[in-house]
Structure formats: structure tokens, C-alpha cells
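Working notes, beginning with the structure itself.
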2 protein chains.
Amino acid sequence: MIPLDSAALGRRAEAMLEELAAISADPDRLVRLFLTPEHRRAGDLVAQWMREAGLEVSEDALGTLRGRMGQGPRLLLGSHIETVIDAGKYDGPLGVVAAILAVDTLLRAGAKPPAIELLAFGDEEGSRFPSTLSTSAAVAGAFDRKQLELKDAAGVSYAEALGAYGKNPDEIARAEIPRGEAAAYVEVHIEQGPVLESKSQPLGVVTAIVGQTRLVLNLTGEAGHAGTVPMNLRRDALAGAAEIALVAEKIAREGAGLVATVGMLEPYPGAMNIIPGRVRMSLDLRAAADEARRAAIRQFEEQARAIAKRRHLEIEIELIHELATTSCDAGLQDRLAAAIEATGRKPVRLASGAAHDGVMMAKLCPVAMLFVRCKGGVSHNPAEYASLEDMGLAIAALVRFIEKFEARP
Amino acid sequence: MIPLDSAALGRRAEAMLEELAAISADPDRLVRLFLTPEHRRAGDLVAQWMREAGLEVSEDALGTLRGRMGQGPRLLLGSHIETVIDAGKYDGPLGVVAAILAVDTLLRAGAKPPAIELLAFGDEEGSRFPSTLSTSAAVAGAFDRKQLELKDAAGVSYAEALGAYGKNPDEIARAEIPRGEAAAYVEVHIEQGPVLESKSQPLGVVTAIVGQTRLVLNLTGEAGHAGTVPMNLRRDALAGAAEIALVAEKIAREGAGLVATVGMLEPYPGAMNIIPGRVRMSLDLRAAADEARRAAIRQFEEQARAIAKRRHLEIEIELIHELATTSCDAGLQDRLAAAIEATGRKPVRLASGAAHDGVMMAKLCPVAMLFVRCKGGVSHNPAEYASLEDMGLAIAALVRFIEKFEARP
């Protein structure tokens, strides 16, 4: 094991993140969208850092920066460099910077790391086009060409944006890594939740990227005068919606690794003196295991329908979105945990409630993620924060992980 | 008792209501606001009907049409002739038409009714100015002169509108009926609720015009990512609001003569994938007895605060509006019930959940109301409907009531 100064690594990471955060389409807030001049500038900076670390840099047909070293089946490391609108500076860039600093540290120390490819993706957030994870999909050979027709808010298509970025959509297939050449994909990312903070631990090992079901419910009762309709003659859609929202909460609280959120709830007409005749509400339910998620959804739908029936409400339940669970590789998890222990910290095992490029990379090879504590669990917000200490420890753990990594034949 | 043909009375009422409904500011929907040209035309038509029935007509300083007969303490009968925007044709005008037809029927039959004054008010709905019941308030000597400064949607003040209507605000005080000269106030009105329909009875006797408390609650928790915050670390303002809404429903269901409505509930930010950090919601609670209403509000506030505390939410409860109960006179109720029985129907006793001019008239004399079944409980809507049969029975009952009425000395 090479000697490591995690405090110094944290300081270097922070300086690089600051430099990236200065690249924004808006001087007052951080906005760096896919295939924009800001994406170009950030890509150029990352390419320069990769070269300085000793990697051979190329850029694929979707603008993903790729830095390679060594031969044979390779360890893939990376994250994304584009951001949401009004972003923080850690979500995405930290994973790219951590990988660069880990490789740089190993090579400078004269270590002999395994074959490695760094990946700096450009379309994880889906902030410009209504696409998801398209740049990692291309690397995994799972790019959906229908996405080329998607348009951004200004009416520019994905294909047109690629052209303006100097890319040829016909070359997307060449971004794919052949199956036998990808040994594993490992990503460092801020947690975006409060679990590590609540356990007072800087680092976590992700067990799975949770699957997700999103429903929209329409409840219809009967609007009426808030004064003149007795309680026993009411068909109050909001009272039914309230009961259903609490059912969702109860199911999630009683299940293991489940979260359920009613984020949208709109009563009509929404006036103080009118019994709501109609409510539109959402359910977002996520679980680390697909069977647990499906069972919870069945239970929820059954109870929601029973509540509607008892209250003489009509109910329509619409499936809006569904995403299967991505399990993280058990062996990689154990090796990440051992690497965290090598920094003197306790690894916390936790699921990722947000999606990441690992969802696509899992189609190519085993995946794993190292989570870094972030303040208050806040992300997608300028207040997003990870400490220099925690980032330094994450990079140190990643170095320890790479040192022990051996690509399975 | 004079002979009565209630079917014929119903037909006459319907024809008069049609004639009034044709007077609208909008050719496509019924809109007849206070102190407008439509109010003028409706007032002129009502005055003509009053005269044809044998009454001596005057108009007070707020445009209320007043038709008198006889000497001494008088029975006051009436309702309002202005409407909400996009109104039905029964809410208000039915009470005026019923009173005119009752008097007309009695005088044509050669009966000797007691002294009577018919009142056709013009500001019950508060649809033009944010005033309430101002025309009956003037008759009861309770007009609040601050209302003269209120402005309508076009910026015209109440005082200016009076001037344009040819009225002098200095003469409002002269609209008051001296206390000893008002024996009782009785109003016929559609129920605006489903109780009579659910009991298959055409007519009801109002026990009280309910008191009302309106609250706005602000709940503050913590917004968060729907995927990354575990259930036990959430401070979900919407889940708390749902529990509070169900508490309101439970209290009202368990109490006697209580109704509670959460009509407005707004989660922020209201996105499907974000835990609501804040909710603004309303409570409208009404009861036929003030003590029951106050007790229910205390109970609600206590339980809402307990829920907020358990869920680590901040809660603010703001009192928006409070109106005391107006009790209907027990003797008048009994005499209205007897009059309904004289038509061969069973009187249903019920509270009025909506406010009426009786709230103001009760400051002057004992009040009572006769409710007429309306289809589906619908009002303030073009679909508002009372059948010819039910209206005919209501007028017949009013005739029977007047026949037996003797002003207490």
C-alpha cells in the first residue's frame, strides 16, 4: 500500500471542483447542460487533468471523455460532469475528480494499477433533453436511438445538438465497450441523502440503486357547499386522498428499505368553502428489491381502491414510470468496504434512492458505488456540500480499492 | 283557511322566476349584481309585481324594494334578488316570488292577513363588493358605514355605486325598521344542500343558521429527495396535513350538527419526486351551536398541534373568519312546521349551513326560514333546480303560516 495524505487529496479535490464550478452558462448559478459550450469547456478541462495524470484521452460520439491506461479487461471509474439547473458543485464532478486523483496518486507513487478507463459522462441528470443516462447507455451498448429525436426547451433536437457539438450520430455504436473488456464499473458520488450524516460516518457502500414505481391517482367524488352538505352525505375526494397518502406512508414505514412519497396532491376546485370533488395525487415508491417494490405497490393499490370504495369515490390509478432495481455486485461491495476500513472508517451499507449511470453500466459489467456524506442530505441545490476531509477519505478509499483490484479473467 | 291550488302556485312561481332570470348582465349566463342596471330592472319588475298583489311599494337608500300592507307590528317576508356570477334562478328570487304570490293569493281570496312588509334585498351574496348582507343590515339598523369604501373588481366604491344608482348614502339610516314594528322575519329559500332530497321531503324548517370558524394552517417540515431520505428521517409536511385533514373529518362526524371541510391544501413544491417541505391548508368548520363549534375547534387545534409535534413539523394556525350561530325562533319554527303539515307534508328540521339575510334580521326581530328541496343539493350553478310541485307546496305552506300569524303585541 502506498502512503496517502487524505487531507491533501481533499484539498486538491476541492480546488478542482471549484475550477469546474466556475464553468456555467449563468454567472449567478451553476448551469452546465449536455452538449453546450459549458459542457465543452468542462470536458476540455477534464481531458487536460486526465492527461496530466498519465491517461490517454479520447472522446466518444456523445462527448464522453475517456482516459485509458493499461491493457486487457479494465476497471471503469467515473461519473458525470453536466449538472442540473442551479446545481451544487459535487453531484457528478466529485466522482470524476476522485477517479483522476486516485489514478494520479497511484501513478506518481510508482504503483502498478490494473488496466483502467476513466469515464466523464455528459447526460446523467436529463436536464437538457427528457432523456436518461444516455451517455452511459452508449458505453454499455444500450443507447436508444429514439432519443435522438428528443427536443430541449428551445426546440433543438438531441441529434441537432450532437451535430453542433461536432459529433456524428452514426458513430454512437462505436462508444460501446466490448463485454469482455469491462471488468467492473465503480463510481464515487455524494449520498444526496441524510443516512451517512445520521450515522456519523463519512463513507458508505451502495447495496443497490433502488427500483422505482411512479403512479398518478385520480379520485372523483362530488363537490359541494362546505356548509350545507352533512358529513354522512359527502363524497369528499380530499378526505379520501388524505387516507390514501397515509396508507402509502404506513406501507413504506413497515417495509424494509422502502420509501414512499406523495409529493403532488391537487384538490379541485381548491376553495376553502367547497368540498373537493376531485383530487389528483402522485405516489413515488422505491425499494432496493423489485419483489418488495411490486408487493408494496400491490398492497397500496388494493388499499387505495378499498378506501375509494368505502367512500364512494371513483379511482383511476395510472402507472407513469417504472424502473427496475440495479443490484451492486456483492464482491465489489465487500472490496469497497475493506477499502473504507483501510482508511480507518466504518463502511455503512445503504441503498441509493436516486438513479445513477451505474443503472446503465450494470448492463455491461458488475457495478459498485462509494457514497460520500453530504451536509443535511441536500443536493441539486447550491447548498450542496461535502467536506474536504470526507472527500479526501473517499479518494483514499478508492486508491485502496484500486490497489487490491484484479480484473477477473 | 282559503282554498289553495299548489300546482298552480308552482307554475306561477316558475314563470316569474323565468322572467327574472332573463335579466342578466351576460347573455350566456345569469349575472345580476348589486346596484347594476340589471339590479334596477329586476327591482322594477318586483315592484310591479308587489303593486299588482296589492302592496304599497317604496325603495330604500340601498335599493331594497319594500312592499307594505296593514298597520301595526308587521310580519316581514322576503329574500334577495341579486345573484352570484353564473347563478341558478332560485337562490334568492324564489323567496321574493313566494312572498308576493302568498300575499296575492290571500288578498285575492278576500282573507284578512296581518300587517306585512315584503323585502327584496340586493346584497346577500356579496358578489360585487366584499361586503356581506349589507342591505338587510340596513333594515335591521346594523349597517356598517365602513362598507361604503369597499371597491368592486373595477375599482368602483360602494358609495360611488350607490350614487350612480340614484341613492344618497346619508339616507341609509332611514332604512331601519323601528324595533317595535317588526314582529318577525320569515324567508323561503332553496336548501342548497341534499338533506331534504335524502329524506324525500319537499319542505324543511330551519333550526339555525350555523356559526362558522375558518382557519388556515401552515405546516413546515423539510423538503427532500423522494428516493434518498429514509422514512424515519423525514419531516413530510403533506403526511402531517393528511393526518390533520382526517382529524377534522372525524371530529365533525362524531359531533352533532357539525360539518368540517378541508377545501384548500397546497403542498410545496408539489413535485412528484420531492418530499413536501411545506403545506398550506384550510379548515372550514360550522355548527348549529356556538359552544359545540368552539369545542370542536379547540379539539381540532389540540390534535393538529399534537400531530405536528409528533412529526417534528412546525405549525401555525391562523383564524381567518368567525361568525356566530343565528338561532331561529322556536315558536316560529313550530308554526312553520304546522303550516307544512297543513299541506300534507312532513316538516324536516334542519340547520342552514349557508348564511342568509336572517343573520342580520335576527338583530331586529325573531327569524325563521322555510327550506325548499333542490335537486342534488346543487346551488350557485346554472344546474340549480327546484320543482314546480315543491315550490307550489312552499307557497301554500307560507300562505297557511300567514293565515295563522298574529303579531305579538
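Observations on the structure shown:
- Residues that are assigned to a helix (DSSP H, G or I) and open to solvent by 20 Å² or more (accessible area, probe 1.4 Å) within region A:123-147 comprise A:Arg145, A:Lys146, A:Gln147, listed in sequence order.
- Selection count where residues are touching a residue at least 60 places away in the same chain (Cβ under 8 Å), surrounded by fewer than 18 Cβ atoms within 10 Å (Cβ to Cβ) and in a loop (DSSP other than H, G, I, E, B), scope region A:162-175: 1
- For region B:238-311, the strands (runs of 3 or more DSSP E) that sit wholly inside it and include 2 or more residues that are closer than 24 Å to B:Ala351 by Cβ, in the same structural domain as B:Leu217 (by TED's automatic domain parsing) and free of Cβ contacts under 8 Å to residues at least 60 places away in the same chain are B:258-261.
- Looking only at residues in region A:108-120 that are of a type outside the set (Gly, Ala, Ser) and under 26 Å from the mean Cα position of the chain (by Cα), the one that is farthest from A:Ser58 (Cα to Cα) is A:Ile116.
- Selection count, region A:280-299, where residues are surrounded by 20 or more Cβ atoms within 10 Å (Cβ to Cβ), under 13 Å from A:Ile317 (Cβ atoms) and within 14 Å of chain B (Cβ to nearest Cβ): 4
- A:Gly263 being within 7 Å of chain B (Cβ to nearest Cβ) and either modelled with pLDDT of 95 or more or more than 18 Å from B:Leu246 (Cβ to Cβ) (or both): yes
- Lone qualifier among A:Asp123, A:Asp152 - being under 17 Å from the mean Cα position of the chain (by Cα) and acidic (Asp, Glu): A:Asp123
- Cβ separations smaller than 9 Å between residues 6+ apart or across chains give the following pairs from region B:204-233 residues that are over 30 Å from B:Val372 (Cβ atoms) and part of a strand (DSSP E or B) to residues that are of a type in the set (S, T, N, Q) and open to solvent by 10 Å² or more (accessible area, probe 1.4 Å): B:His225/A:Ser379; B:His225/B:Asn273.
- The set of residues from region B:345-358 being surrounded by fewer than 23 Cβ atoms within 10 Å (Cβ to Cβ) and away from chain A (no Cβ under 11 Å) comprises B:Arg345, B:Lys346, B:Pro347, B:Val348, B:Arg349.
- Listed conditions (1) part of a strand (DSSP E or B); (2) in contact with a helix residue (DSSP H, G or I) (Cβ under 6 Å, 6 or more places away or on another chain) are all met by A:Ser58, apart from (2).
- Filter result (hydrophobic (A, V, I, L, M, F, W, C), outside any loop (DSSP other than H, G, I, E, B), crowded, with 24+ Cβ neighbours inside 10 Å and under 22 Å from the mean Cα position of the chain (by Cα)) within region A:380-400: A:Met391, A:Leu393, A:Ala394, A:Ile395, A:Ala397, A:Leu398
- Residue in region A:80-90 that is under 15 Å from the mean Cα position of the chain (by Cα) and among the small types (Gly, Ala, Ser) present: yes
- Restricting region A:1-37 to residues that are of a type in the set (D, E, K, R) and within 15 Å of A:Val96 (Cβ to Cβ) leaves a set whose member that is farthest from the chain's Cα centre (by Cα) is A:Arg12.
- Selection of region B:246-260 for residues being of a type in the set (A, V, I, L, M, F, W, C), open to solvent by 10 Å² or more (accessible area, probe 1.4 Å) and at the interface with another protein chain (Cβ under 9 Å from one of its Cβ atoms) yields B:Leu246, B:Leu258, B:Val259.
- Of B:Leu55, B:Leu45, B:Leu62, B:Leu30, all but one fail to be out of contact with any Asp or Glu (no Cβ under 8 Å at 6 or more places or on another chain) and among the hydrophobic types (A, V, I, L, M, F, W, C); the exception is B:Leu55.
- Given (1) modelled with pLDDT of 95 or more; (2) closer than 27 Å to A:Gly166 by Cβ, index of the condition A:Gly10 fails: (2)
- Qualifying residue in region B:362-379 (condition: in a helix (DSSP H, G or I), surrounded by 21 or more Cβ atoms within 10 Å (Cβ to Cβ) and on the phi < 0 side of the Ramachandran plot): no
- Within region B:179-195, residues that are at negative phi and part of a helix (DSSP H, G or I) reach no partner that is of a type in the set (D, E, K, R) and surrounded by 22 or more Cβ atoms within 10 Å (Cβ to Cβ) with beta carbons closer than 7 Å at six or more positions or on different chains.
- Qualifying residues in region B:213-238 (those that are within 7 Å of another protein chain (Cβ to nearest Cβ) and under 35 Å from the mean Cα position of the chain (by Cα)) - the one farthest from B:Glu322 (Cα to Cα): B:Leu238
The values are calculated or read from the model by the stated rules, or taken from the named source; none is laboratory data. Model, not experiment: these values are computed from the prediction. So basically every Cβ, Gly included, is an ideal-geometry build from the backbone, and we count neighbours across all protein chains shown. Keep in mind that these areas ignore ligands, DNA and RNA; they rest on the heavy atoms of the full protein, side chains included. Shrake-Rupley method; radii C 1.70, N 1.55, O 1.52, S 1.80 Å.
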